Amino acid sequence: MLFVLHLFASLYIIFSSGPHIKTMKAYIYDGKPGDQRLPHDTGIDIPEPTLAKLGVIYRRISIDSEGVWESKIDEFAKERGYKNRDRITVTREGLGEAYEEKIKSFFDEHLHEDEEIRYILAGSGYFDIRGAEGVHEEQWIRIALEAGDLIVLPAGIYHRFTVDSANTITAMRLFQDEPKWTPYSRQADGTDKLGSRDKYLETVRVGVAA
């Protein structure tokens, strides 16, 4: 009996000490006032299938020293027709006095007429997306991202972005020839009536009804 218990204990140690596979972290934003860079975690987790209903695509492509991640990004880009890419870094040191103002502008609720693709190369941050069409209607869903996370936000989805308390993030942006990344603030007249918004809501409605 003691041998069996010892065997089970040994197996537990072996399996529990294996490689950690990171999973996506998303949850309902608590809506409390205060620093946007803090987690604001309600403890109500949101699974990937729910994000998929809202048109959000998530992939985990871990950055490895052999460069396998680059070929995986190439494959993903080819699948979705992304011909171009660049990198953007947001740091207090890099932006200087403009940093706080820039962070505030990123956090304004807005949409784009093209989908937004980000692959995190270093640092960490949060994308907040609005629920719609019965899927956590009008609630903020916070998605925590770090190096190795790839996210695609569909055109027409209301969202915002912030770095976390580490105040630094570097991301690869994937896009076609001329991306339409103009931010349309939700507070501006006419944003709710944009074609991209109507198309997005219809897509969510169809997906929820399926």
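The values are calculated or read from the model by the stated rules, or taken from the named source; none is laboratory data. Just so you know, these numbers come straight off a predicted model, no measurement behind them. Glycine gets a Cβ as well: all are built from the backbone with ideal geometry, and neighbour counts include every protein chain shown.
Residues checked against (1) out of contact with any strand residue (DSSP E or B) (no Cβ under 7 Å at 6 or more places or on another chain); (2) farther than 22 Å from residue 174 by Cβ; (3) basic (Lys, Arg):
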| position | (1), (2), (3) |
| --- | --- |
| 62 | yes, no, no |
| 67 | yes, no, no |
| 73 | no, no, no |
| 77 | no, no, no |
| 88 | no, no, no |
| 94 | yes, no, no |
| 99 | yes, yes, no |
| 103 | no, yes, no |
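In segment 97-113, the residues that are closer than 17 Å to residue 165 by Cα reach residues that are among the aliphatic types (A, V, I, L, M) with C-beta atoms within less than 6 angstrom, at least six apart or across chains, in these pairs: 102/95. Applying the condition of being touching a Lys or Arg at 6+ places or on another chain (Cβ under 7 Å) and surrounded by 21 or more Cβ atoms within 10 Å (Cβ to Cβ) to segment 107-136 and asking which residue is modelled with the lowest pLDDT yields 117. The criterion of at least 1 residues that are under 27 Å from residue 208 (Cβ atoms) is met by the following helices (runs of 4 or more DSSP H) wholly inside segment 38-156: 48-53, 68-80.
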